[in-house]
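What follows is one structure encoded as structure tokens, with my remarks underneath.
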Amino acid sequence: MSDLDRLAERVGIEPFYHDIWGNRRETSRETQVALISAMGLDVGSDEAIAQSLRTVEERPWRTMLPPVLVLDEGAELSVPVSAPAGLEDATLIWTLAEEGGAEQRGEAGFGSLPVAANVALDGLRFERRTLALPRRLPLGYHTLTVEVRPRGLGGALSGAVRLIVAPERCVMPQDVVPDGRTWGIGVQVYSLKSADDWGMGDFDDLARFAEAAGGLGAGLVGLNPLHALFPADPHHFGPYSPSSRTFLNVLYIDVEAVPDLADAPAAQEAIAQEAFQRDLAAARAAELVDYPAVARLKLPVLRTLHAYFHANHLKEGDVSPRGQAFRAFQREMSGDLRRHALFDALHEHFYSADPNRWQWQTWPEEYRSPDSGAVADFARDHAERVEFFEYLQWEADRQLEQAAIRGRKAGLALGFYRDLAVAGHPGGAASWADPQVLVQGANVGAPPDQFNMKGQNWGLAPFSPVALREAAYEPFIRMVRANMRHAGALRIDHVMALKHLFWIPSDGGDGAYVEYPFEDLRRIIALESRRQNCIVIGEDLGTVPEGFRPAMQAAGILSYRVLYFERASDGGFLPPGAYPADAMVTITTHDLATFKGFWTGHDLEWRTRLDLYPGKEAQDKDAWDRGVDRWRLLQALAREGVKPASYPTDDGGQPYSRELVEAAHRYLATTAGRIVMVQIEDALGEIEQPNLPGTINQHPNWRRRLGRTVEEIAADSGVRSLAAAVTAARGVT
């Protein structure tokens, strides 16, 4: 292997992959160089490549302890300790600080520790010895500090390692609900309508929807990603391209539910103005969400509420109980909240002055690091503005928590399932706050397939596996923990990213798969799952690596199965008995046709209208295949005895009906899958899907509002009939 090949292997770049047609695609030298450079290593010349390789290979030897070790629960604790040879007479002193506060100390002769390996570097010999500690650790995050003191003169060597002790499996449905079987309703929060919304669904609408779902017998409500976007630019509203996956989209705040409104006359007067009420009525009546209009309504009022809150609850020396709750939230979220709010304030500052400075990479150089003096000066000079964005996150978190509580009280056994996007926007808050951990020179995407012959570039910034491990996985831990907050389940979008992810160089060159420390990451997920009593679902659609699904099952991560894709070798729909038990099953997703759209071919009409087909032949084939699929589905429903009597034959040309969608859900509800999800669009008989992949502005992605209000949904006869059918088929009481 060349130095470049060895370096690529060490940082996780896979040498080849097999595409969907089975062709082997080698990773080119150009791709290796581009992706290694994106990880922050110098590969500008052969000499630089050799030096970077030495740095990567020697780092574990020249650093006394690894940055992190992830251990199975109950495993014996042994830690590799690296040091220069010749310290046989030295004393090793260790201190083990457990997460719960307990602390142990001990010492041993360094020379008495067994040697596991040794190496010569630049004429100096290093040894790796094994330190075995006398006790097993409880689940959690612990810190081991080691000091090696040579006898006589000479300075001591020291280091620290984070020890993460994790369970084998995540919480499972059978740990939470009777018989481990339930069903839920999936909804895009922005799509909710109510008599008093401000142009899009908010957390109070979500609470009412959760109460309605609980009353219908559902055990959970599934949500689109609630991730933080860009308050200064509401035109950027795609939930899978967030600024940060750790914080919340503040446009989901219900302004009228903010406690400060009752005591803020200026805000009340602003809302009562005729012009405001006229704009509010227009936003409320709009068929599609107008995010800029919503932001123009909400953010000025929220600024007024924050000003009132700051003046009345954060008085120096006289902080009110409400002010104390805010301070507690700031402490709980620590520096992450501060940096996120700082980013939002800076983004607003630069973008409002010059729209070309949308991404932080275009800001003046001195503001591109959160630790710079210029940023510290900005934070001081704009302290109340930064605090305003912290206030928004606090209120969003409070309202989400209240919605979750109301849903549970109404009967949702699991509560909400939240959705974790695969990555974040490279110009967003998370990237600015952690530029070493989030890669700048490459984007997340997918290799070529029959739907996208040139592959897909999602324009998102991946974690660097090298930097993530050096950070002891802290950014990943915080992200997972934040998304399990106020939730009973977490859906991980494109869960294969835990094992490997397709990176595309920013220069547009060919992509390659980059490997991640799957065993460590899945153990961390299991630990957080146990701590927060949160089930985990992995969206494992598309190209799934061999052996990945069994590994998911062993980790207690549920599979994600979609009726449209669950087929036998002859193309027919799999029978309910063929579905795995450890799975969440659904008819469709936000990226696919609703059931009505599927049956009527409405999604194919969209593709024709937008000229998304390469030619008439592909268009005609899709139309033919859809007719065959309708026929196959009616056959499958008949085989299971759930085909409606109003469909006397298996002819795929018969019209759509609410009876048919109910029958399809009965079929799905009899599978062994532990969770069955009904999409609200299907329950209401909606024809349009939330998102049409491959489009940006041609299709109103992430803007469609439901045809019924929250108040009407619970009373809808079709929704009630479908809910009763699924409840009965599930055997849920």
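In the chain, the calculated helix contribution to ellipticity at 222 nm averages -12000 deg cm²/dmol per residue, counting -39,500 (n - 2.57) for every DSSP H run with n ≥ 4. Taking the DSSP beta bridges with both ends in the chain, the antiparallel portion is around 65 percent. Derived scalar couplings between HN and Hα for the stretch 45-52 equal 7, 4, 5, 5, 4, 4, 5, 5 Hz in order, rounded to whole Hz, by the Karplus curve 6.51 cos²θ - 1.76 cosθ + 1.60 (θ = phi - 60°), x for Gly and Pro. Applying the criteria of a DSSP loop state and at most 14 other Cβ atoms within 10 Å to the trypsin sites (Lys or Arg not before Pro) of the stretch 105-177 yields Arg135, Arg136, Arg151.
With a/c under 1.5 counting as rounded, go ahead and sort the stretch 254-363 into rounded, prolate or oblate using the C-alpha gyration tensor (a ≥ b ≥ c being the square roots of the eigenvalues; past the cut-off, prolate if a/b is larger than b/c, else oblate).
Oblate.
Restriction of the trypsin sites (Lys or Arg not before Pro) in the stretch 391-463 to DSSP coil positions whose beta-carbon has at most 13 other beta-carbons within 10 angstrom yields Lys454. Is the shape of the stretch 74-166 best called rounded, prolate or oblate, per the rule: a/c under 1.5 gives rounded, else a/b larger than b/c gives prolate, else oblate, with a ≥ b ≥ c the square roots of the Cα gyration tensor eigenvalues? Here the stretch 74-166 falls in the prolate category. Axis angle, to the nearest 10 degrees, between helix 203-215 and the longest C-alpha principal axis of the chain: 70 degrees.
The radius of gyration of the Cα set in the chain, together with its Dmax, comes out at 27.6, 94 angstrom. Each of the peptides 651-660, 471-480 was scored by the mean count of other Cβ atoms within 10 Å over its residues; in descending order, highest first, they stand as 471-480, 651-660.
Using only Cα atoms, find the angle between the long axis of helix 717-730 and the longest principal axis of the chain, and express it within 0 to 90 degrees, rounded to the nearest 10. Orientation of helix 717-730: about 50 degrees from the principal axis.
Put simply, when 187-200, 310-323, 24-37 are sorted by average Cβ atoms within 10 angstrom per residue, most first, you get 187-200, 24-37, 310-323.
The order of Met64, Met39, going from fewest to most other C-beta atoms within 10 Å of their C-beta, is Met64, Met39.
Dividing the convex hull volume of the alpha-carbon atoms in the stretch 679-722 by its residue count gives 69 Å³ per residue. Under 5 Å between amide hydrogens, built in the peptide plane, is the criterion, and for Ile535 it picks out Ala489, Leu490 among residues at least 5 positions away or on other chains.
Arranged from fewest to most other beta-carbon atoms within 10 Å of their beta carbon, Trp21, Trp606 become Trp21, Trp606.
Only Lys, Arg, Asp and Glu carry charge here, each on its Cβ (+1 for the first two, -1 for the last two); on that basis the chain has a dipole of about 1420 debye about its Cα centre.
Going from the residue with the fewest nearby Cβ atoms within 10 Å to the one with the most, Leu337, Leu574 rank Leu574, Leu337.
Taking 0.36 nm per residue of separation and subtracting the current Cα-Cα distance, fully stretching the chain between Arg24 and Asp591 would add 201.3 nm. Between rounded, prolate and oblate, where does the stretch 39-196 land on the alpha carbon gyration tensor, with a ≥ b ≥ c its root eigenvalues, rounded for a/c under 1.5, else prolate if a/b exceeds b/c? Oblate is the answer for the stretch 39-196, as a/c is 1.5 or above yet b/c matches or exceeds a/b.
Against the main long axis of the alpha-carbon atoms of the chain, helix 518-532 sits at an angle near 70°.
Where a number appears in this text, it was derived from the coordinates with a stated rule and is not lab data. Only a predicted model underlies this, so the values are computations on that prediction, with no experimental measurement involved. With ideal geometry, Cβ positions are generated from the backbone for all residues, glycine too; neighbour counts draw on all protein chains shown.
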